[in-house]
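Some notes on the structure that comes next.
The values are calculated or read from the model by the stated rules, or taken from the named source; none is laboratory data. Given the structure is predicted, the values throughout are model-derived calculations rather than measurements. Please note: Cβ atoms are built from the backbone with ideal geometry, for glycine as well, and neighbour counts cover all protein chains shown.
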Amino acid sequence: MKARIIKRIMCDGEVLYVIQQRHFLFRWWWVDAWLNSLCGASCKDYFFTLEEARRNLCYFDGTRSREEVVA
């Protein structure tokens, strides 16, 4: 498993769904995806609904994009 979604409940009761990946160096640690990203803190890895997190999981789990010639 390259990525997972966790439910994080903040101290004020707000619920966030966070995408995590294995740490790039310490493979046994799960870390928030922004820690492994080249863009760092500008990488959005948290979402307010589970459905939105599931839609964006493909950007973190290694799924390749598809290209097709249209003209």
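Structure notes:
Residues checked against (1) basic (Lys, Arg); (2) under 12 Å from the mean Cα position of the chain (by Cα); (3) surrounded by 13 or more Cβ atoms within 10 Å (Cβ to Cβ):
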residue: LEU25; (1), (2), (3): no, no, no
residue: ASP32; (1), (2), (3): no, yes, yes
residue: GLU52; (1), (2), (3): no, yes, no
residue: VAL69; (1), (2), (3): no, no, no
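- Count of segment 15-71 residues which are of a type in the set (Lys, Arg) and touching a Ser or Thr at 6+ places or on another chain (Cβ under 7 Å): 0
- Of all residues in segment 9-36 being more than 15 Å from GLU51 (Cα to Cα), part of a strand (DSSP E or B) and of a type outside the set (S, T, N, Q), the one that is modelled with the lowest pLDDT: ASP32
- Residue count for segment 37-61 under the criterion of being of a type in the set (D, E, K, R) and part of a helix (DSSP H, G or I): the result is 4.
- Test: PHE47 is modelled with pLDDT under 85 and in contact with a helix residue (DSSP H, G or I) (Cβ under 8 Å, 6 or more places away or on another chain): no
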